[in-house]
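As structure tokens, the structure follows; a few thoughts come after it.
The values are calculated or read from the model by the stated rules, or taken from the named source; none is laboratory data. Quick caveat: nothing in here was measured; it's all calculated off a predicted structure. FYI the Cβ positions are ideal-geometry reconstructions off the backbone, even for glycines, and counts take in every protein chain you see. With ligands, DNA and RNA removed, areas are computed over all heavy atoms of the protein, side chains included. Shrake-Rupley method; radii C 1.70, N 1.55, O 1.52, S 1.80 Å.
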Amino acid sequence: MLAPLAGCAALYPREIGLSEAELLSALASRFPAEQRVMQIFDLKLARPRLKLLPADNRVAIALDLGLQDTVLRRQMDGGLGFTTGLRYDAGRQSVVLTGVRADSASIDGLPRVLAGTVNQWGGWLAEQLLEGAVVRKVSDDELRQVRSRGLHPGAIRVTDRGVALALEEEASAR
């Protein structure tokens, strides 16, 4: 007798999922990115990789960093690491990155006197590219369906497999 009701629950999920692969694809579309630093270096960020951090409800992002001296044309390579949270932005109907912060930076062969400045610029560039970046747009049709059930997008949870956007009850529906 309860079997038909169990089927109805499957028709109406209580969350919208974003897989790890979808999240990485959304990030990858922003790279490579380049910036000139102090008129003597060309900084390039490329090849994002991510790791889900469910215990912290955050995502770790690693980027390859390339630095080319504009005078001697010497290439130096390294990497930048970040963590970020996610939130639902109702105005954009999107899941966006928030609280992006640089955690690590390294550039092989860079003189120490310049390392701090270049790392700051690399961190700044990546934060500018990532803070508020849309990783999943909720379509008008999805939003209509969600609202017709008295729900709205709410809290975001990072899981072992991806990101889950909870569909919560409207205050008036309680």
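May I have the convex hull volume per residue, in Å³, for the Cα set of the chain?
Values: hull volume 23.2 nm³, N = 174.
Given the Cα convex hull of the chain, per-residue volume reads 133 Å³.
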Next on the checklist: Compute the angle between helix 112-130 and the longest alpha-carbon principal axis of the chain, please, reported from 0 to 90 degrees and rounded to the nearest 10.
Outcome noted: 30
Item to check | Per-residue HN-Hα couplings for the range 69-81 [Karplus 6.51, -1.76, 1.60; θ = phi - 60°; Hz; x = Gly/Pro] | outcome: 6, 6, 8, 8, 6, 7, 9, 10, 10, x, x, 10, x
Checklist entry - Between Q75 and T117, what is the spin-label point distance in nm, taking each point 7 Å from the Cα along the Cα→C-beta axis? => result 2.4
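Cβ neighbours within 10 Å, averaged per peptide: list 49-55, 20-26, 126-132 in order, most packed at the top. Each step should come with its number before you reach the end.
Numbers: 49-55: 13.7, 20-26: 16.0, 126-132: 18.3.
Top to bottom by mean Cβ count within 10 Å: 126-132, 20-26, 49-55.
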Checklist entry - Within the accessible area of the chain, what % is carbon and sulfur when the probe is 1.4 Å and the other protein chains stay in place? => result 52
Checklist entry - Give me the Kirkwood hydrodynamic radius of the range 123-174 in Å, from all C-alpha pairs, to one decimal place? => result 13.2
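What FRET efficiency would be calculated for the residue pair E142, R49, taking the C-beta separation as r and a Förster radius of 45 Å, to the nearest 0.05? Kindly include the intermediate steps, with their values, before the conclusion.
Values: r = 29 Å, r/R0 = 0.63.
It comes to 0.95.
Ignoring everything except DSSP H segments at least 4 long, calculate the 222 nm mean residue ellipticity for the chain; use -39,500 (n - 2.57) per segment, divide by total residues, nearest 500.
Details: 4 runs with 46 residues, N = 174.
Estimated from H runs of four or more residues: -8000 deg cm²/dmol.
As an exercise, use a Förster radius of 25 Å and the Cβ-Cβ distance of N57 and E34 to find the FRET efficiency, rounded to the nearest 0.05. Please list the in-between numbers first.
On the way: r = 32 Å, r/R0 = 1.26.
For N57 and E34, the calculated efficiency is 0.20.
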Next on the checklist: What three numbers, in Å, describe the spread of the alpha carbons of the range 84-174 along their principal axes, ordered from the longest?
Outcome noted: 61, 25, 20
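Any idea what the relative contact order of the range 16-131 is, in percent, if you count C-alpha pairs under 8 Å spaced at least 6 apart?
Details: 201 pairs, mean separation 21.2, N = 116.
Reported as a whole number, the value is 18 percent.
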